[in-house]
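Enquirer: Encoded as structure tokens, here's the structure I'll be asking about.
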Amino acid sequence: MPKALITGITGQDGSYLAEFLLAQGYEVVGMVRRSSTINFHRIEHIQERITLTPGDLLDQVSLIHMLEEHRPDEVYNLAAQSFVQTSWAQPVFTGEATALGVTRLLDAIRIVDPQIRFYQASSSEMFGKVVETPQRETTPFYPRSPYGVAKVYGHWITVNYRESYGLHAVSGILFNHESPRRGLEFVTRKITHQVARIKLGLSRELRLGNLDARRDWGFAGDYVKAMWTMVNHDRPVDYVIATGETHSVEEFLNLAFNHAGLDWRDYVVQDPRFMRPAEVDLLVGDATKAGRELGWEPQVTFAGLVQMMVDADVKMLQDGVTPV
């Protein structure tokens, strides 16, 4: 039975990846930090089928011990300070976790077992101020936030360890991917959660920043399959994973409110507090290479994704579940 270790297993992507790997017959180990704020709600339905182990991307010794104890065949590094807005308030911590954390984990693999296959969660935010549209594997990076800068470091150090030490290490340059498990701090989930609250009479307004920003939004459940596929590809190669479609925040708003039978203009207030110091206006990915070499393509449409998230938030509130 193959064994996979996932950092960030309690997050959106980690929970979907753990589900997927279990279905593929894997033994799944999840790294968690010793913290009083860890929330296991995304994995509680599979918690009895996985092993949780302590570790921290800020502490290389803990990573070495973790690999020595569990001896995984594959490591998926999904842990990071992953919120762009927070990276402006915590730029040094973002660099420590999201950039240098990758180096610590790669070096632990090099020391313990260089045969371990490694996946790094790269991000479309690395393209930032885009120099070409759509963005593909050869598009130069121009990050526009401390998070984007940190992800560029993590991406290139993965390439460096692959080329220098012969590791089977790959990066998936994933464009925005959402789900009902997305954190409330992300604009998509913020929208669908507030739409649900407004529909149920629990709230009267939604405050947002830039409504013109455009993103390539897909479903997280589709994207974790791409992670696994590239890790198990014959050659370690980096891929852009995206839908190839771009939609504005306003389009997302329109679909979400319409699905609830509401008009967003009656409830949305633009608030300067939610504007980024340096905005990324247009991100859209070209996943042609992943389709050609991995046979991967997204299954859930943009409209289907928005409706899925609104329905899930309405049900959660109706069931009295506390959203996180």
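The values are calculated or read from the model by the stated rules, or taken from the named source; none is laboratory data. Worth saying up front: this structure is predicted, and the values here are computed from it rather than measured. As a convention, Cβ positions derive from the backbone with ideal geometry for all residues, glycine included, and neighbour counts pool all protein chains shown.
Enquirer: Filter segment 283-324 for residues that are hydroxyl-bearing (Ser, Thr, Tyr) and closer than 25 Å to Gly148 by Cα and give the result.
Expert: Matches in segment 283-324: Thr288 only.
Enquirer: Would you check if there is a residue in segment 4-17 being part of a loop (DSSP other than H, G, I, E, B), touching a strand residue (DSSP E or B) at 6+ places or on another chain (Cβ under 8 Å) and over 21 Å from Arg182 (Cβ atoms)?
Expert: Taking every residue of segment 4-17 in turn, none turns out to be part of a loop (DSSP other than H, G, I, E, B), touching a strand residue (DSSP E or B) at 6+ places or on another chain (Cβ under 8 Å) and over 21 Å from Arg182 (Cβ atoms).
Enquirer: Name the helices (runs of 4 or more DSSP H) wholly inside segment 212-306 in which the number of residues that are surrounded by 17 or more Cβ atoms within 10 Å (Cβ to Cβ) and under 18 Å from the mean Cα position of the chain (by Cα) is 2 or more.
Expert: In segment 212-306, the matching helices (runs of 4 or more DSSP H) lie at 220-231.
Enquirer: Of the residues that make up segment 303-312, is at least one modelled with pLDDT of 95 or more, in contact with an Asp or Glu (Cβ under 7 Å, 6 or more places away or on another chain) and not charged (D, E, K, R)?
Expert: Yes, segment 303-312 contains at least one residue that is modelled with pLDDT of 95 or more, in contact with an Asp or Glu (Cβ under 7 Å, 6 or more places away or on another chain) and not charged (D, E, K, R).
Enquirer: Provide a single number: the residues in segment 212-245 that are at pLDDT below 95 and of a type in the set (Val, Ile, Thr).
Expert: 0
Enquirer: Need at least 2 residues that are modelled with pLDDT of 95 or more and crowded, with 20+ Cβ neighbours inside 10 Å per element, so show me which helices (runs of 4 or more DSSP H) inside segment 31-141 make the cut, counting only ones lying wholly within it. Walk me through it before giving the result.
Expert: Numbers: elements: 60-70, 84-89, 91-94, 101-112.
In segment 31-141, the matching helices (runs of 4 or more DSSP H) lie at 60-70, 101-112.
Enquirer: Next question. Checking Gln24 against (1) among the polar types (S, T, N, Q); (2) touching a residue at least 24 places away in the same chain (Cβ under 8 Å); (3) under 24 Å from Ala97 (Cβ atoms); (4) out of contact with any Ser or Thr (no Cβ under 7 Å at 6 or more places or on another chain): exactly one of these is not met. Which one?
Expert: So the condition that Gln24 fails would be (3).
Enquirer: Which of the residues that make up segment 21-30 are surrounded by 17 or more Cβ atoms within 10 Å (Cβ to Cβ), more than 15 Å from Pro54 (Cα to Cα) and in contact with a Lys or Arg (Cβ under 9 Å, 6 or more places away or on another chain)?
Expert: Listed by number, the residues that qualify are Tyr26, Glu27.
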